[in-house]
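Visitor: This is the structure I have questions about; it appears just below.
The values are calculated or read from the model by the stated rules, or taken from the named source; none is laboratory data. These figures come from a predicted structure and were not determined experimentally. Backbone-built Cβ (ideal geometry, glycine too); neighbour counts: all protein chains shown.
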Amino acid sequence: MTHAVKLPAKKKTSMRSPLAASPQAIELPDGMRERILRKAFELWQERGYRDGHDLEDWLDAECIVMEEIHEARE
């Protein structure tokens, strides 16, 4: 006698990246996204145009831009 094993139902996988923008995403003040984008591009250039570090460059750029804004307010 053979026993059938019932596998659990597969969850539907989302095609969206967990980093993709969502309706609840935080909106950046005017011009800040562009400043971060430019700084991330500069970091990528300094890295020698090597791919694979885009998130790291973006997060570093965010920190740099935020520090610049904070210093300017002091």
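Visitor: Between a first residue in region 45-74 that is more than 15 Å from ARG35 (Cα to Cα) and a second residue that is at pLDDT below 90 and outside any helix (DSSP H, G or I), which pairs have beta carbons less than 8 Å apart while being 6 or more apart in sequence or on different chains?
Guide: Qualifying pairs under 8 Å: LEU55/LEU19.
Visitor: Which of the residues that make up region 26-68 are in a loop (DSSP other than H, G, I, E, B) and of a type in the set (A, V, I, L, M, F, W, C)? Before the answer, list the steps.
Guide: Filtering region 26-68 down to residues in a loop (DSSP other than H, G, I, E, B) leaves 26-31, 47-53.
Those that are in a loop (DSSP other than H, G, I, E, B) and of a type in the set (A, V, I, L, M, F, W, C): ILE26, LEU28.
Yes/no matrix, rows are residues, columns are (1) at pLDDT 60 or above; (2) not basic (Lys, Arg):
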position	(1), (2)
MET1	no, yes
ALA4	yes, yes
LYS12	no, no
SER17	no, yes
GLU27	yes, yes
ASP30	yes, yes
LYS39	yes, no
TRP44	yes, yes
GLY52	yes, yes
